[in-house]
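Notes follow once the structure below has been shown.
Rule-based calculations on the coordinates, nothing more; no lab input. On a predicted model such as this, the values are computed, not experimentally measured, just so you know. Don't worry about glycine lacking a Cβ; one is built from the backbone with ideal geometry, like all the others, and counts go over all protein chains shown.
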Amino acid sequence: METELGKGTLFRLKLPQLIDSEHAAGQKVQAKTTSHGSGLILLVEDQTPVRRLAAETLQTHGYEVLVSRDGEEALSLLADSSSEVDLLLSDVVMPRMDGMELCKRFATLRPHVPILLMSGFVDRVFPNAHPEAQGIPFLRKPFTATQLLEAVAQALQHS
């Protein structure tokens with residue numbers, strides 16, 4: 001760091017150089033996320049940026065997406081849709097109707113359709129045990145596009 005009165009401060013940062021093996025690993029991850037899926041996903045998420053990013057990621061990778069802001073809207077979309085939903089992907093903590101109540105109602109309407117929950121509030125939503133221990137497919141926020149696509153593919157495989 002160099003400081004000169006009346007002229008300011010100059011900071012010099014030295015960052016490690018990217019080596020080829022790291023670069024190649026980055027390419028492998030990118031190739032893995034470009035795979036395409038299929039099916040109709042009912043996405044329920046109250047946070048607009050998360051909802052948009054998830055929907056765009058899924059659509060870019062071959063999925064059709066019905067988008068909803070909360071559980072009540074999701075059930076209305078489900079009733080109005082003539083298409084068969086292949087997966088419910090829902091946030092847990094939402095206004096009006098939370099994801100747990102939505103799951104209960106959805107399961108009575110579509111008992112053979114898999115459900116994947118997501119939340120950043122795992123301890124608040126599942127205070128006694130983590131969702132995986134309860135057999136509930138779960139995606140922790142924040143997540144990457146790769147994590148989202150892998151979780152969706154796994155949930156669809158186990159249907």
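Around ARG105, under 13 Å between beta carbons, what's the net of Lys plus Arg minus Asp minus Glu among the other residues?
Numbers: positive: ARG96, LYS104, ARG110; negative: ASP70, GLU72, GLU73, ASP98, GLU101.
Once all neighbours under 13 Å are counted, the net charge is -2.
Using only the Cα atoms of segment 37-87, what do you get for the radius of gyration and for Dmax, in Å?
Using the Cα atoms of segment 37-87, the pair Rg, Dmax is 10.5, 27 Å.
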